[in-house]
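To start, the structure itself, in structure tokens.
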Amino acid sequence: MKSFDAVMIAEGVTPPASKEEYLEAWQILVDTGLAWQLQGWFGRRAHALIEEGAIDRPDPVHEQGRTH
């Protein structure tokens, strides 16, 4: 999945085919660091999904771009 597709799924523009695809989209946003660069709610949602254990924490390289 490309970053653009992940953003569209996260925003609700493109419905995910499954819960797994929804979580995959968020994992991509976290892994690429986009979750921390887009509007604030992206980071807050990504953080909530990480805390719930639904997706993995970002690697340390991308964690540097996090603003909250």
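The values are calculated or read from the model by the stated rules, or taken from the named source; none is laboratory data. Bear in mind the structure is a predicted one, so any value in this text is a computation, not a measurement. When we count neighbours, we look across all protein chains shown, and the Cβ atoms used for this are built from the backbone with ideal geometry, even at glycine. Side chains are part of the model used for accessible areas, which takes the heavy atoms of the whole protein and leaves out ligands, DNA and RNA. Shrake-Rupley method; radii C 1.70, N 1.55, O 1.52, S 1.80 Å.
Of all the residues in region 33-42, those that are under 14 Å from ARG57 (Cα atoms), part of a helix (DSSP H, G or I) and at pLDDT below 95 number 1.
Looking at GLU11, GLU20, GLU52, which is the one that is surrounded by 13 or more Cβ atoms within 10 Å (Cβ to Cβ), at pLDDT 95 or above and of a type in the set (D, E, K, R)?
Only one candidate passes the filter, namely GLU11.
If the condition is being surrounded by 15 or more Cβ atoms within 10 Å (Cβ to Cβ) and without any contact (Cβ under 8 Å) to a residue 24 or more places away in the chain, then region 28-49 contributes ALA35, ALA46, HIS47.
Taking the criterion of being closer than 14 Å to ALA35 by Cβ and either over 12 Å from the mean Cα position of the chain (by Cα) or aliphatic (A, V, I, L, M) (or both), the residues of region 9-21 that qualify are ILE9, ALA10.
Applying the criterion of being out of contact with any Leu (no Cβ under 9 Å at 6 or more places or on another chain) and at pLDDT 90 or above to the residues of region 55-68, the residue that is most open to solvent (accessible area, probe 1.4 Å) is ARG57.
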